[in-house]
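Pasting a structure here, questions to come.
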Amino acid sequence: MPVRYKDYYESLGVPRTASEAEIKKAFRKLAREFHPDVAKNKKQAEERFKEINEAYEVLGDPAKRKKYDELGPNWQAGAEFRPPPGWESTFHRGRPSPGRGARGEEFDFQFGGTGFSDFFEQLFGARGRPGAGGFGGDFGEGDSGGGRGRDIEGDIMVTLDEAMHGSVRSVSIRHSVRCEECGGTGRRGRQVCPACGGTGQVQKTETYQVKIPPGVTEGQRLRVAGRGELGAGGGEAGDLYLRVRLAKHPDFSVQDHNLIYETEVAPWEAVLGAKITVPTLDGKVDIRIPAGTQSGQKLRVRGRGLPQKGGDHGDLIVETRIEVPSRVSDSEKKLWEQLARESGFNPRD
Ligand SMILES: [Zn+2]
C-alpha cells in the first residue's frame, strides 16, 4: 500500500536551508496558532496541529531530519511515495508468518487517528526500523498450525492535555481479520473460499477505541490486547501496541512528570522581586519572583505538572530568563546611568 509523501518544510513554512532555531521558531508560532486549546475551529485546527507536530518531530530532530533530507528535494507533497533504491532494507516490515499462505506478502499496516501519517510511520515508526521492538521473534519456529498472530506496533501522538486528563481515541488500523465468508477455515464446502483465497483471513480496516490514561509518558507503550494480526491456522491474535509520542507544546516542555516553562523577566523584577502570572495546563497561576533572581534560575510550582502513578502530580518548573529592553527613552537612560554610577555591583568580580 503506497503512502503519500509529506513536505515537512512546507508544513512549517520554512526553506530547506532553515537553521534549527528558525525551525523551532516557525513551529512555536504555528503551534500557538493552531493549538486545539486556543483555536476557534477546533476540528480544522486539530488536523493542522497534528501536521505541524509531525513536521517538527522530524525537522526538529537532527537525525530524523538528515534521514528525511536524504530522500532528496524533488518529491512533491502528496506524491505516491516509494522508497528510493537502497532504502528497501530500512522498510523491512517483518517476515511473513509461516503457514500464512504461499504468497509471502509483505505486511502493511495502515493507521488512522493516531496523529501520525502512514508516511511518518514508514520512515520513522517502529516498523520502519529493522529489528525494532523485537516483534519479528513472535513467529517462533515451526508454528505452522495455530501460531499466535503477529503483534503490531505504531505511534500515537498524545497532546499534553491528554496526558494530563486522559482521553479515549478512535484508532483505525488495516490488518488481517478472520474471513467471515468461511469462518476462517479457508474453505467453502469442497471449494477454496473465494473471499480469502483459502487463507481464512482478509485485510480489513477496523476502528478501535483506545484509552489514553492520565500520566502517560513519552515512549510508553499502550497495549490493545488481541488487535494485532490474526494467528495462522486459527491461532490467537497478536496485540496492538501504540507507542506514546507526546506532542510538542508551544509553551511547555516535559521532563519526566514535570513541565518546564521558560519566562522572561525584566531586570528590575529580578532585582526587586515581583509577582508574575504564568500559564499551566489548567489555567494560570501567580508566582513570586524572589528578589535577587538570576537568569536561568528555576522556580518550582508544586503539583502543577503531569499526573504520576499513585495520584500525585509532577511540578511546573518556571525557568527565568532576564531580558533587557532593547531601546530606552531618554529619561530611562538617565536612570540607568545613575544606577551605573551608584552601584557597586560588578558581575565579573
Ligand atoms: Zn474465506
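What is the set of long-range amide H partners of residue 188 at a cut-off below 5 Å, with H atoms built 1.01 Å from backbone N?
Residues meeting the amide H criterion: 193.
Right, something else. I need the phi-derived Karplus couplings for region 177-193: 6.51 cos²θ - 1.76 cosθ + 1.60, θ = phi - 60°, integer Hz, Gly and Pro marked x.
Calculated HN-Hα couplings, in order: 10, 5, 6, 6, 4, 10, x, x, 7, x, 10, 10, x, 9, 9, 6, 4 Hz.
Using 0.36 nm times the number of residues separating residue 266 and residue 66, minus their current alpha carbon distance, what extension gain do you get?
Stretched fully, the residue 266-residue 66 segment lengthens by 68.1 nm.
What list of ³J(HN,Hα) values in whole Hz, one per residue of region 16-27 in order, does the Karplus curve 6.51 cos²θ - 1.76 cosθ + 1.60 (θ = phi - 60°) give from phi, with Gly and Pro shown as x?
3J(HN,Hα) across region 16-27, in whole Hz: 5, 8, 4, 7, 4, 5, 5, 5, 4, 5, 4, 4.
Now a separate question. Can you list residues whose amide H is under 5 Å from residue 313's amide H, if they're 5+ apart or on another chain and H is modeled 1.01 Å from N?
Residues meeting the amide H criterion: 308.
Assuming R0 = 35 Å, what is the FRET efficiency of residue 349 and residue 167, from their Cβ-Cβ distance, to the nearest 0.05?
Approximately 0.05, to the nearest 0.05.
Would you grab the residues whose amide H sits under 5 Å from the one on residue 285? Only those 5+ places off in sequence or on another chain, please, with H modelled 1.01 Å from N.
Counting only residues 5 or more places away or on other chains, the set is 278, 280.
Using +1 at the C-beta of Lys and Arg and -1 at the C-beta of Asp and Glu, which of 208, 260, 220 has the Cα lying farthest in the positive direction of the dipole of region 167-269?
Farthest towards the positive end: 208.
Another one. Plugging the Kirkwood radius over Cα pairs into Stokes-Einstein for region 257-309, at a temperature of 4 °C and a viscosity of 1.567 mPa s, what D comes out in µm²/s?
Roughly 107 µm²/s, to the nearest whole number.
Here's a follow-up. Based on the mean of other beta carbon atoms within 10 Å per residue, what is the order of 247-254, 291-298, 265-272, most packed first?
In descending order of packing, they fall as 247-254, 265-272, 291-298.
For region 257-270, take each phi angle, set θ = phi - 60°, evaluate the Karplus expression 6.51 cos²θ - 1.76 cosθ + 1.60, and give the result in whole Hz per residue in order, putting x for glycine and proline.
Values per residue, Gly and Pro as x: 9, 8, 9, 10, 10, 9, 10, 8, 10, 6, x, 6, 5, 5 Hz.
Something else now. With the cut-off at 28 Å, tell me which of the pairs 211/248; 204/309; 248/284; 24/333; 25/284; 42/248 have Cα atoms farther apart than that.
In this structure, 204/309; 24/333 lie more than 28 Å apart at Cα.
Tell me the label-point distance for the pair residue 17, residue 274, using the 7 Å Cα-to-Cβ offset, in nm and rounded to one decimal.
For residue 17 paired with residue 274, the spin-label model returns 3.9 nm.
Read the figures in this text as sums done on the coordinates, not as results from a lab. The structure displayed is predicted, hence computed values, not measured ones. Please note: Cβ atoms are built from the backbone with ideal geometry, for glycine as well, and neighbour counts cover all protein chains shown.
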